[in-house]
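To start, the structure under review is shown below, and the notes come after it.
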Amino acid sequence: NDAYQGVVNDRPGPPLPTFPDPLNDITDSQERNERRADAIIGAFKHSWAAYHTYSWGCDEIKPRSRSCKNWNDNDDAAHGFGLTILDGMTTAFLMGLDNEVSDALKYIKNEMRFGVDVDGSLFETNIRALGSLISLYELTGEKYQYLLDKAVEVADTLLYAFNTSTGVPHSTVNFRTKRHYGSPWGGGNTILSEMGTVQLEFRTLSLHTANPIYDMKATHIMSIIEARAPDDLLCPLYISNKRLTWAVDHISLGALGDSFYEYIIKQYMLTGNTETRYAKLAVKMTKGLSKLLFRSIPGNLLYLAEHRAKSFHHKMDHLACFAGGMFALLSSELPDLSEEEAANILKLGGDLTETCVKMYTLQATGVSPEFVEFPPGTDMVNGQGFYILRPEAIESVFYMYRYTHDPKWRDYGWAMFRAIDRYCKVPHGGYVGIREVNVPDPPQDNLMQSFWLAETLKYFFLLFSDDSVLNLNEWVLNTEAHPLRRRNRNPLDVWRDYESLHGEVPWFPPPLQGVKPVETVKMTEMRRDGTVRYQDMAQDPLGGDGEEGMPDDEGLPFDEVTGMRGVVREIGRAS
């Protein structure tokens, strides 16, 4: 797009942070980066030790008060499921922290209680808990069966959320009662990023369990989106899970949209770049995203705008900073790109990441706000000024370094880490967010997000480590930065193998069985047809009848055998 026009405003920003670099005198670049990586490991140990001492078994820690924080707000270890342990353990593994990994494995095997009474997010539980369990199972050579068993327990609980009239999941499920519902603040609709960010984890679990149910649920969602998406693949943020129509006119790569776009190219990568369906979608997406790209005046900063109510809103979330790294992946992974096309896409990623770096360096603390805006004639102004240990900017810095090996990206990352370490570190243990990034002495909050260990510190560590620590030709990172192995495979093989052994594909895995649906030749053929697009939900074998006005499953009879409402009994119709 042409630059967003407006009056030039040459008001200078705040001074850049000037606190000293303890590694400034080291001239050898390899030694300097090894020392930087050691500093990141030190930050992880400082965080893990605080959690281990004050909140072990809780979901998260409130470091300043040395206390527990659980998803269900019953803040003691008996009411948590160890989310920080799950989220942090793949980072500990990559860092070579054997003691921390051993502690995590013992907790999962002997202490983890997933069936706590908590209304959990499908999205967050999938990417943090399920993703981490599958990832560590693969990273450790697939030798700890209890990791896979626990992953199945988590996934089978999440499957309840998919028991709707259309197969589009609800956003929330109670881990104990299995009650599921749409988020009230979303009007009961399903969020784009929530239904578009289960595919990597569910498909990998189907591979390891030889149970196609998880893959079926994830692929069904993609078929629904593909059939209803505009040609540019820029999808609104909400879809009705009853009528399968887009519920709002709001497009964003920030909150509620972000990881849907990320998973388009990563689904292609997961199968070793063999599932061309997702390559074609990624090409559409790449072209479509150009409609949201603008440059500021006077600084020529590239940013992603949002589109809402038929107009552009020149606002970019820190969450949207993942997109720089996504462009780097697209430049390398899309098939049939010319050298010039690949270079142009990579440059977009670099320019976008430079803007995200400036979201840090233009603050008094050197730490980014939650989002920024680009008013006419102004390069960047702060929106919400808090920072909660988010990873997206350093994620893109990491990918830009991996695909260019330009040392400037490591220097950017080190400046970002030093600022976070200075203002977010709690002396007696842990890290927390800050409430205002553009004041000299910012007040801290009192929560160490689990993604600080899973993502932020992992990306910092990988930035300063040798490429061999995590080979991106062999692994793809889920949106919580948990590595999953790339494999040359056809996802339909899991379905075929199961059918050859059992004669049918179950709708639910064993813990949820009790009602066997009727499998028909027509259903089998439709499932195997990789080009099928379920535009008429009345013909969709994997969902409900989808008639407009059909009641949600909350109003359907409760099935005592499976503990579910509206159990699918035959040809995808609710009972």
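All of the numbers you see were taken from the coordinates with simple rules; none came from a lab. For clarity, every value in this text was computed on a predicted model and none was experimentally measured. Positions of Cβ are backbone-derived with ideal geometry, glycine not excepted, and every protein chain shown enters the neighbour counts.
Observations
- Given R0 = 22 Å, the distance between the Cβ atoms of Asp232 and His313 translates into a calculated FRET efficiency of 0.80.
- Each residue, Asn473 and Asp73, gets one label point 7 Å from its Cα in the Cβ direction; the gap between the two is 5.2 nm.
- Mean-position separation - Cα centroids, segment 321-379 and segment 25-44, in angstrom: 25
- Inter-label distance for Asp493 and Gln444, nm, one decimal - labels placed 7 Å from Cα along Cα-to-Cβ: 5.0
- Karplus 3J(HN,Hα) series, Hz, for segment 449-459 with 6.51 cos²θ - 1.76 cosθ + 1.60 (x for Gly, Pro): 4, 5, 5, 4, 7, 6, 10, 4, 5, 5, 5
- Put simply, the amide H of Arg486, placed in the peptide plane, has neighbours under 5 Å in Trp475, Val476, leaving out anything fewer than 5 places away on its chain.
- Between Asp249 and Lys280, the modelled label-to-label distance comes to 3.0 nm, taking each label 7 Å out from Cα in the direction of the beta carbon.
- Förster-model FRET efficiency, 30 Å R0, Glu31 and Thr404, C-beta, rounded to 0.05: 0.90
- Legend: distances between Cα atoms for Lys62/Lys106; Lys291/Lys425; Lys280/Lys358; pairs beyond 30 Å are Lys291/Lys425; Lys280/Lys358.
- Residue by residue, segment 169-183 carries 3J(HN,Hα) couplings of x, 6, 7, 9, 9, 7, 5, 9, 7, 6, 5, 9, 7, x, 5 Hz when phi is fed to the Karplus relation 6.51 cos²θ - 1.76 cosθ + 1.60 (θ = phi - 60°); x denotes Gly or Pro.
- Residues of segment 68-105 with an amide N closer than 16 Å to a point placed 7 Å from the Cα of Tyr144 along the Cα-to-Cβ direction: 82-105.
- Pairs of alpha carbons in segment 181-287 separated by more than 19 Å make up 43% of all such pairs.
- The protection proxy used here, the mean number of other Cβ atoms lying within 10 Å of each residue, ranks peptides 222-229, 421-428 as follows, highest first: 222-229, 421-428.
- Label zone at Asn99, where the point sits 7 Å out along the Cα-to-Cβ direction: segment 46-88 residues whose backbone N lies under 17 Å: 46-56
- For the peptides 147-153, 294-300, 448-454, 129-135, the ranking by packing is 129-135, 448-454, 147-153, 294-300, with the highest mean count of neighbouring Cβ atoms within 10 Å listed first.
- Segment 421-499 and segment 84-157 have Cα centres lying 14 Å from one another.
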